[in-house]
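A.B. asks: Next up is a structure, given as structure tokens.
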Amino acid sequence: MALGTEIIFIVDLLAIYAIYLIINSSLNLEFGYTGIPNFGKVLAVGVGAFVAASIPGRILANMAGIEGDYIGDNISIITQVNVWLVDNTGIGFAVFFLTLGIAAGVGAGLGLLTAYPAIRLRGDYLAITLLALGEGVRIVGNNFTPLAGGTLGVQVPDPLSWLPGELRFPVATIGLIIIAAIVLLYTERTVRSPLGRTLRAIRDNEVAAESIGKDVTRIRIKTIMIAAAIAAIGGALYAFYVGGTIAIAYDRTSWTFWPFMMILIGGLANNKGVLVGTLLFVTLRKFIIFFKDSLQPYVPFDVVWLDFLLLGVILIAVLLYRPQGIFTEKPTKTISKEGFTDKQKG
Amino acid sequence: MISLAYDPIFTDAIIYSSLLVLLSMGLTLTYLTTKVPNFAHASFATIGVYLALIASRIWESSPYVAIPIAFVISGAVALALYTFILKPLIRKGASKAIQMIATLAFDLILIALLNITADYITKNYQIISREFTLRSYDGLFMDMPMILFVAPILIIIIASTLLIILKKTKFGIAMRATIENPDLSGVVGINVRLVYGVSWFLGGGLAGIAGALMSMWFQGDPNLGALMIPSIFAASIVGGFTSIYGAIVGGILIGMSEILGTRFLAGEFGSWLIAYRPLIPLLFIVVTLLVAPRGLTGINWYRVRRLFGTRN
């Protein structure tokens with residue numbers, strides 16, 4: 001069974017959509033609901049990808065008894081690991097979920113570390129600090145080779161290597177969609193809970209929230225940690241999906257700027273906005289990349305810059321003329337009055 | 001003294017610090033008025049870099065010709081960002097974060113346009129327009145590159161002119177009043193919008209000059225701005241982000257530590273450290289925010305002196 005071009009196109013689009021959904025819902029939790037301008041989103045995503053690049057391959061190579069320098073002989077080691085995984089599917093999945101867990105933990109820890117110096121300061125200082133530290137992730141990843149192979153990158157073991165070639169990507173995409181759905185469900189439940197209302201209160205009036213006894217700093221740190229954990233899972237999943245990590249791919253534009261753009265187009269502080277904004281953006285970009293080659297002969301420069309130009313202009317237009325995005329934030333759905341009185345009677 | 005400057009590392013340090021001073025002065029100037037950190041600031045400098053390339057390779061004259069042109073064009077671009085994007089956003093009551101995102105989007109547009117320019121130059125004139133250097137177009141003075149003297153002297157002239165304007169002229173006083181209290185200045189008849197516009201033009205213009213100077217010593221590339229942004233913000237934050245003096249001190253401190261500090265540490269611990277040089281400004285940001293969040297100018301030096309018992 002060979003897959004048609006259209007199917008491959010849609011499968012890849014859905015996979016990228018699911019990964020960005022995970023990252024964007026974490027950003028929405030931070031920026032949309034709590035008002036933390038995390039311009040260093042790339043940090044958490046990159047950390048997740050580096051965890052996926054450095055840990056599961058070493059664990060599995062050790063278990064399979066494959067000798068060699070993990071970074072130097074990376075391609076041959078990962079190829080052997082993938083062959084070994086065909087007969088050890090269960091271990092593959094166990095290591096996969098373990099990696100996601102480690103990524104979430106490391107992401108949360110680094111989220112705490114990077115936010116700590118500026119969390120008490122004005123929003124713009126926090127934004128500058130996070131943006132600058134976000135640049136740090138690429139510098140370290142590019143130069144510290146044991147992490148992700150430096151400028152050459154490394155391959156990531158494939159827990160789905162037992163599947164026949166043409167089924168691997170569709171199955172991976174289904175898995176990604178399921179994980180994205182779980183993340184969305186979790187954020188939706190979080191923002192509907194009393195904590196969600198506290199987050200909005202902090203965003204709308206920090207002083208008022210503090211005056212009714214909310215520990216604003218602690219709640220903001222907690223939010224950053226949770227969001228960083230989710231984004232790190234997203235980064236690790238991306239590394240598993242594409243089967244490799246290279247530090248240079250974790251740049252500010254792709255993993256900080258695009259997520260901001262998606263949630264701003266969709267509308268802040270609601271998950272419907274995340275779903276639609278992300279879909280619109282991912283589809284648009286996919287089409288731009290798809291038709292790039294046919295446009296190239298007509299312009300005297302690389303078409304990729306036309307893409308940047310267009311997206312920059314779109315975002316500024318959205319900010320100026322439709323700042324609330326496609327879906328406006330609505331008051332939280334609470335228990336109906338009848339339901340409330342029923343509960344009191346019962 | 002002169003033999004010291006012959007070590008290229010000192011030339012690097014002096015020129016780099018001068019550029020950071022100019023860039024963080026400009027950034028502070030725009031931040032003082034609109035209170036929004038402009039993430040597109042470094043790309044204003046990249047415009048200057050490309051103007052210097054055009055001046056020296058296409059017009060075949062000196063790259064120094066590009067300095068006044070860069071001042072005007074980068075200034076105009078900064079003014080456009082303020083007038084057409086930030087001013088309407090502020091009027092509509094957009095939050096700080098939204099304004100910052102708008103500057104990021106503007107930066108993306110600038111980077112795209114710079115890359116398009118670079119591609120166009122290469123295609124039409126067969127000139128290397130990425131990772132290029134214009135060192136050979138710079139003159140010599142006392143057997144040393146001219147830029148080594150021009151950059152610091154130009155910065156001293158610009159900084160003192162700026163300070164005289166701010167302290168002595170009527171416009172400068174109006175500007176300081178607007179920074180202090182925009183509403184009240186509006187009430188007494190100061191044209192607040194004009195003051196903001198002028199400071200954005202000046203801020204962008206200074207970045208443009210820095211860019212034109214930069215091309216004569218360092219490598220030029222469309223992505224130069226993105227690489228320099230942490231250093232510029234570190235210099236401004238160390239300086240306190242609210243004073244021109246602070247920006248000068250911050251620029252020198254970050255520039256010197258980035259180049260001489262890396263050299264020193266590499267000598268102590270090994271040359272693998274050189275690659276981590278971009279982490280130095282990040283370290284400065286973190287330490288400043290933890291120890292003295294209002295920067296060097298925000299420290300109460302009187303109290304510090306008393307703490308160490310050297311009161312005089």
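Where a number appears in this text, it was derived from the coordinates with a stated rule and is not lab data. A quick note: this is a predicted structure, and the numbers were derived from the prediction, not measured. Backbone-built Cβ (ideal geometry, glycine too); neighbour counts: all protein chains shown.
A.B. asks: For the stretch A:110-200, how big is Rg over Rh, using alpha carbon atoms and the Kirkwood form of Rh?
C.D. replies: Details: Rg = 19.3 Å, Rh = 17.3 Å.
Rg/Rh for the stretch A:110-200 comes to 1.11.
A.B. asks: Oh, and also: Quick one: which residues, 5 or more positions from residue A:215 or on another chain, have an amide H under 5 Å from its amide H? H modelled 1.01 Å from N in the peptide plane, none for Pro or chain starts.
C.D. replies: Long-range HN contacts for residue A:215: none found.
A.B. asks: In addition: On a 0 to 90 degree scale, rounded to 10, what angle separates helix A:194-204 from the longest Cα axis of chain A?
C.D. replies: 80
A.B. asks: Which distance in nm do the two modelled labels at residue A:89 and residue B:165 give, with both placed 7 Å along the Cα-to-Cβ direction?
C.D. replies: With each label placed 7 Å out from Cα toward Cβ, I get 7.1 nm.
A.B. asks: When the Karplus curve 6.51 cos²θ - 1.76 cosθ + 1.60 is applied with θ = phi - 60°, which whole-Hz ³J(HN,Hα) does each residue of the stretch A:16-32 get, with x for Gly and Pro?
C.D. replies: So the J values, rounded to whole Hz, are 5, 4, 5, 5, 5, 4, 4, 5, 5, 5, 5, 5, 5, 4, 6, 8, x.
A.B. asks: Kindly express, to the nearest 10 degrees and within the range 0 to 90, the angle between helix A:89-115's C-alpha long axis and the longest C-alpha principal axis of chain A.
C.D. replies: Around 50 degrees separate the two axes.
A.B. asks: Rounded to whole Å and sorted largest first, list the principal axis extents of the Cα atoms in the protein assembly as shown.
C.D. replies: If we take the Cα atoms of the protein assembly as shown, the spans are 74, 66, 62 Å.
A.B. asks: Additional query: From other protein chains only, count the Cβ atoms within 10 Å of every residue's Cβ in B:113-126, then give the mean. Numbers along the way, then the final one.
C.D. replies: Values: counts 4, 1, 6, 8, 2, 3, 5, 3, 1, 2, 2, 1, 0, 0.
What the average comes to for B:113-126 is 3.
A.B. asks: Using only Cα atoms and rounding to the nearest 10 degrees, what angle (0 to 90) does helix A:74-87 make with the longest principal axis of chain A?
C.D. replies: Tilt relative to chain A: about 80 degrees.
A.B. asks: Under the Kirkwood approximation for Rh and a Cα-based Rg, what ratio Rg/Rh is obtained for the stretch B:2-307?
C.D. replies: When Rh is taken as the Kirkwood radius, the ratio is 0.98.
A.B. asks: What are the extents of the Cα atoms of the stretch B:184-312 along their three principal axes, in Å, largest first?
C.D. replies: 61, 50, 24
A.B. asks: If you place +1 on the Cβ of every Lys and Arg, -1 on the Cβ of every Asp and Glu, and leave all else neutral, what size is the dipole of chain A about its Cα centre, to the nearest 20 Debye? Mind showing how you got there, number by number?
C.D. replies: Numbers: 26 positive and 23 negative charges, 314 e Å.
For this selection, approximately 1500 debye.
A.B. asks: I'd like the distance between the alpha-carbon centres of the stretch B:247-312 and the stretch A:76-122, rounded to an integer number of Å.
C.D. replies: So the separation of the two Cα centres works out to 34 Å.
A.B. asks: In peptide B:89-97, what is the residue-averaged number of other protein chain Cβ atoms found within 10 Å of each Cβ? Numbers along the way, then the final one.
C.D. replies: On the way: counts 4, 0, 0, 4, 1, 3, 5, 6, 12.
Other-chain Cβ atoms within 10 Å of each residue's Cβ, averaged: 4.
A.B. asks: Assuming 0.692 mPa s and 37 °C, estimate D for the stretch A:5-251 with Stokes-Einstein, Rh taken as the Kirkwood radius over Cα pairs, in µm²/s.
C.D. replies: For the chosen part, D equals 175 µm²/s.
A.B. asks: Still on this structure, please answer the following. Quick check on chain B: helices-only [θ] at 222 nm, where DSSP H runs of length 4 and up contribute -39,500 (n - 2.57) each and the sum goes over total residues. Nearest 500, please.
C.D. replies: Helix contribution divided over all residues of chain B: -22000 deg cm²/dmol.
A.B. asks: Roughly what would the spin-label model give for residue A:152 and residue B:7, points 7 Å off Cα along C-beta, in nm?
C.D. replies: Label at residue A:152, label at residue B:7, 3.5 nm between them.
A.B. asks: If the elastic network links every pair of Cα atoms under 10 Å, which of A:133, A:295, A:27 fluctuates the most in the Gaussian network model of chain A?
C.D. replies: A:295
A.B. asks: Now, a different point. Okay, helix-only estimate at 222 nm for chain A: each DSSP H run of n ≥ 4 adds -39500 (n - 2.57), divide by all residues, round to 500 deg cm²/dmol; what do you get?
C.D. replies: Rounded to the nearest 500, it is -24000 deg cm²/dmol.
A.B. asks: Of B:195, B:238, A:140, how do they rank once you tally other Cβ atoms within 10 Å and put the fewest first? It would help to have the intermediate numbers written out before the result.
C.D. replies: Values: B:195 22, B:238 28, A:140 18.
Neighbour counts put them in this order, fewest first: A:140, B:195, B:238.
A.B. asks: What ranking, highest mean first, results for peptides B:258-267, B:28-37, A:109-118 when packing means the other Cβ atoms within 10 Å averaged over each residue?
C.D. replies: B:28-37, A:109-118, B:258-267
A.B. asks: Give me log10 I(q)/I(0) at q = 0.10, 0.12 Å⁻¹ for the stretch A:140-271, Debye formula, one equal scatterer per alpha-carbon, no solvent.
C.D. replies: Rounded to two decimals, the profile gives -0.49, -0.67.
A.B. asks: Go through the stretch B:80-89 residue by residue and turn each phi into a ³J(HN,Hα) via Karplus (6.51, -1.76, 1.60, θ = phi - 60°); whole Hz please, and just put x for glycine and proline.
C.D. replies: Listing the rounded values in order: 5, 4, 5, 5, 8, 10, 6, 4, x, 5 Hz.
A.B. asks: Shifting gears a bit: Could you check the spin-label model distance between residue A:145 and residue A:193? Points 7 Å from the Cα along Cα→Cβ, value in nm.
C.D. replies: 4.5
A.B. asks: Next question, about the same structure. When a footprinting reagent is the concern and you count Cβ atoms within 10 Å, what order do A:278, A:328, A:5 take, fewest first?
C.D. replies: By the 10 Å Cβ count, ascending, the order reads A:5, A:328, A:278.
A.B. asks: Right, another one. Output the peptides B:199-211, B:160-172, A:9-21 sorted from most to least packed, where packing is the average of other Cβ atoms within 10 Å over each peptide's residues.
C.D. replies: Details: B:199-211: 29.2, B:160-172: 12.4, A:9-21: 20.7.
Descending packing order for the listed peptides: B:199-211, A:9-21, B:160-172.
A.B. asks: Arranged by the count of other C-beta atoms within 10 angstrom, fewest first, what order do A:189, A:197, A:285, B:303 take?
C.D. replies: B:303, A:189, A:197, A:285
A.B. asks: Measuring from the lowest to the highest alpha carbon on each principal axis, how far does the stretch B:1-105 reach, largest first, in angstroms?
C.D. replies: 57, 34, 19
A.B. asks: If you plug each phi of the stretch B:159-167 into the Karplus form 6.51 cos²θ - 1.76 cosθ + 1.60 with θ = phi - 60°, what whole-Hz ³J(HN,Hα) values come out, in order, with x for Gly and Pro?
C.D. replies: Each residue's phi maps through the Karplus curve to give 5, 6, 4, 4, 5, 5, 4, 5, 8 Hz.
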